[in-house]
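The values are calculated or read from the model by the stated rules, or taken from the named source; none is laboratory data. What you see is a predicted model; the values in this text were computed from it and never measured. Because the Cβ atoms are built from the backbone with ideal geometry, glycine has one as well, and the counts that use them run over all protein chains shown. Just the protein is used for accessible areas: all its heavy atoms, side chains included, with ligands, DNA and RNA removed. Shrake-Rupley method; radii C 1.70, N 1.55, O 1.52, S 1.80 Å.
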Amino acid sequence: MVLAGLIRKLGHQLAEIRERALKSILCKIEHNLICYADLIQERQLFLHLLEWFNFPSVPMKEEVLNLLSRLVKYPPAVQHLVDVGAVEFLSKLRSNVEPNLQAEIDGILDGLFLLPSEVPALSSASYQTNQTELSKNPEILTGYFPQDKSNFQQMEVPPRPVVNQTVKCLKFSTFPWLPLTTTDRHVLSSNESSLRSSNHTLIWNTCELLKDVIMQDFPAEIFLQRPKIVQSLLSLLKLAFGGDGKHRLALQSVSCLQQLCMYLRNRLNFHRDPGFFSNKHDTVSQNSSLSYCHEARGTHHSQNPSPGSSSPRPSVVGRTGQRPRGDGQDWDAASSSGNSSHAHVNSRISVHSPLDMGHIDLPELETEDTLELQFQQLSLPQFCVSILESAVPLLRTGSRQVIIRVLELLTEDMTLIGEAISTDIWDDSSLFGIDMKEKLLLVLGALGETMCYHKSSISLEQPEVMLVHHRMAFISISLFAVRLLQTLLPVEKASEFLSEPMSTALFLLSLDMPISLEYPNIHEAVVAYLEQLNSENYSIYKRTAEAVYSIECTCNFLSDIGKEGEKNLLELVELADQALRSFSYHQHFPLIKEIISIFFCLLTYLPQIWKSAQASPLLQGESQKVLLHMLSHPLPRVKAETYHHCLEITKECLGVHNVTKPVSSLCNGIHFLLHPKVLYEISVFGIQEPKSEVCQVT
């Protein structure tokens with residue numbers, strides 16, 4: 001069972017786990033705890049040893065090839081390697097490795113070039129196979145070889161799939177492993193059991209202890225590496241829908257998770273640059289190891305280690321005095337220094353502070369299956385998505401306090417999501433990527449349903465307090481949902497992945513005028529997603545937006561007309577043109593008179609404006625376009641009002657009361673009606689208009 005577990009871990013996605021499993025097998029061989037006779041019967045061992053070179057990170061290449069060289073001396077091993085396509089695989093691998101490893105591969109190939117008759121059949125039928133498992137799916141080979149299907153033979157697919165696809169959706173996966181002392185483990189275990197208690201007071205006090213002491217005492221990643229406390233906190237969120245004050249326990253859990261998110265963000269920043277980042281501004285932390293940490297910082301040169309580094313970390317050591325805090329100012333600074341090469345010998349050995357050397361009664365580390373614990377740990381993406389899954393349903397509660405606190409938690413969580421998950425998740429075909437993608441789509445769908453729920457609950461039949469509650473909930477949840485979409489989902493992929501509830505919610509959000517005015521950037525993002533999701537809804541939005549803009553221009557036109565002083569004639573004409581487009585909605589008929597009057601009043605009483613207008617063909621052309629639009633408007637009443645007001649202006653200019661005035665001055669008032677296009681419209685279409693209101697005026 002132990003050997004089978006180690007072989008299984010050789011195919012793990014984490015390079016550190018694969019490397020440790022290989023070292024364990026080699027160590028057992030060296031100390032004669034297992035022999036080659038045991039290994040050659042394990043078919044999966046050969047599969048994982050060859051797949052070793054398909055991962056992006058390929059440590060211990062020489063050790064893997066050396067082990068294959070020793071195993072290939074045994075006929076059953078040759079049979080297994082040939083069955084899984086090792087000859088073709090190694091032949092292609094040879095040109096992609098260093099020269100010193102090519103000789104090792106040549107030796108392995110020499111051992112494989114045996115006639116089938118020279119390889120005795122295996123006695124157990126369970127080891128007989130005619131199927132190739134290694135190269136059945138060439139698309140997953142992303143290590144040494146490009147994704148070229150033509151380089152592989154088409155093999156029959158075996159019943160058990162080989163999971164060897166590279167996870168490419170992660171910006172950050174897991175923190176370096178931290179072993180714990182017996183005392184530390186006892187503290188965590190005690191809190192775990194308290195959170196599972198049926199005593200509400202005990203749960204409340206445990207959450208307070210976690211926030212005030214435990215989470216400040218332990219580095220935040222400990223709670224992901226030993227995830228039972230996190231899992232208990234997530235389960236407590238379900239109490240938000242319960243009565244008898246149970247929702248208060250859910251709020252306590254929300255506070256703990258929010259604080260943990262903040263501390264994880266700090267630890268993430270620390271790992272990126274331990275020499276630079278600290279969340280404390282004093283010279284030495286109150287609970288830190290004083291001169292030891294201070295000297296470590298003085299000699300430390302930041303190397304900007306990768307967040308995914310598998311280098312060992314010091315343990316959080318239980319002490320009789322004050323414990324180191326998880327703020328990046330204690331042993332972590334020393335562990336990241338360039339003088340840490342000795343720590344690579346055995347990553348399970350913790351690095352103790354010099355202040356602890358005098359405590360000879362420190363508890364010793366118990367033997368624990370570190371690899372098994374690492375299998376159970378939560379990666380940062382898994383933690384973030386788990387919070388989304390558990391917290392989003394709480395946004396439908398009727399409690400304003402719960403919604404506010406949950407949104408605060410989700411905001412912290414979204415920051416971590418942006419640091420941990422990349423937008424490549426939608427193209428990631430690994431099992432991990434598929435799992436994350438499915439969970440995120442369910443969360444986005446639930447967010448869309450929640451937005452629609454609060455929007456539909458806004459009704460005049462509701463009490464005012466409920467109207468305010470649902471309106472504020474809709475706005476807040478919508479802002480979070482759109483920002484989450486911007487963090488995770490490229491606009492061009494929206495139509496491929498977003499569900500109908502989110503599409504409907506975005507459509508409702510696009511038509512929300514107050515949000516568009518208060519959050520223009522969010523509104524632009526919503527429109528961009530809507531355009532990709534639903535062309536019909538997007539068309540409705542566009543027409544609505546144009547109508548709203550036209551009504552706004554109508555108001556501005558009427559406002560500007562009523563102002564005293566010199567007016568911008570070109571701007572007024574443009575506003576008039578826009579105002580006519582929404583006339584069928586507002587049907588404000590006094591607008592017709594104002595637009596017609598502008599051509600007469602401004603020309604008669606503001607000749608200095610007309611002088612400048614004479615030199616502006618653009619203004620004259622725009623004016624004629626507006627007038628022609630009104631004379632041929634599809635609404636009969638608009639057309640009739642236009643002809644009527646033109647007739648009134650003509651009577652005013654050419655009436656008998658103006659007989660003593662010069663003819664030239666009289667013509668100026670109706671100059672806008674004498675353009676050939678206007679006369680053509682009146683004489684050809686106005687006279688022939690079937691409506692009596694128009695033809696009689698003409």
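Numbers for the structure displayed
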{"item": "Computed label-point distance, nm, for sites L109 and L647 using a 7 Å Cα→Cβ extension", "result": "10.0"}
{"item": "Carbon + sulfur, % of accessible area of region 447-550 - ligands and nucleic acids excluded, 1.4 Å", "result": "53"}
{"item": "Residue-span extension gain [T370 to M466] - 0.36 nm each, minus C-alpha spacing", "result": "29.3 nm"}
{"item": "Gyration tensor (alpha-carbon) shape descriptor, region 1-44, a/c threshold 1.5", "result": "oblate"}
{"item": "Net charge, S255 excluded, C-beta distance under 14 Å - Lys, Arg +1, Asp, Glu -1", "result": "-2"}
{"item": "Efficiency of FRET from Cβ geometry, L654 and T397, R₀ 56 Å, rounded to 0.05", "result": "0.15"}
{"item": "Label-point separation, N521 to S539 (7 Å along Cα→Cβ), nm", "result": "3.3"}
{"item": "Residue-span extension gain [T423 to N100] - 0.36 nm each, minus C-alpha spacing", "result": "112.4 nm"}
{"item": "Cα shape, region 1-113, gyration tensor, a/c 1.5 rule", "result": "oblate"}
{"item": "Selection of trypsin sites (Lys or Arg not before Pro), region 375-473, meeting DSSP coil and at most 12 other Cβ within 10 Å", "result": "none"}
{"item": "Accessible area expressed per residue, region 1-113, with surrounding protein chains retained (probe 1.4 Å, Å²)", "result": "42"}
{"item": "Projected label distance in nm at D38 and W204, using a 7 Å step from Cα toward the beta-carbon", "result": "5.5"}
{"item": "Within region 1-113: Cβ-based charge dipole about Cα centre, in debye rounded to nearest 20 (Lys, Arg +1; Asp, Glu -1)", "result": "280"}
{"item": "Cross-link pairs K625/K651; K567/K677; K9/K228; K171/K439; K168/K493 - those with Cα-Cα distance over 25 Å", "result": "K567/K677"}
{"item": "Computed E for K246/S193 - FRET, C-beta separation, R0 30 angstrom, nearest 0.05", "result": "0.95"}
{"item": "D435/E571 FRET efficiency (R0 51 Å; Cβ-Cβ; nearest 0.05)", "result": "0.30"}
{"item": "Burial order of peptide ranges 561-572, 380-391 (average beta-carbon count within 10 Å, highest first)", "result": "380-391, 561-572"}
{"item": "Of Q225, Q252, A240, farthest towards positive along the dipole that unit charges on Lys, Arg, Asp, Glu beta carbons give region 203-283", "result": "A240"}
{"item": "F432 accessible area, assembled protein chains, probe 1.4 Å, Å²", "result": "50"}
{"item": "Charge context of G562, other residues only, Cβ under 15 angstrom, K/R +1, D/E -1", "result": "-2"}
{"item": "Ranked packing of 195-203, 528-536, most packed first, by mean Cβ within 10 Å", "result": "528-536, 195-203"}
{"item": "Separation of alpha-carbon centers, region 24-67 and region 200-252, rounded to whole Å", "result": "43"}
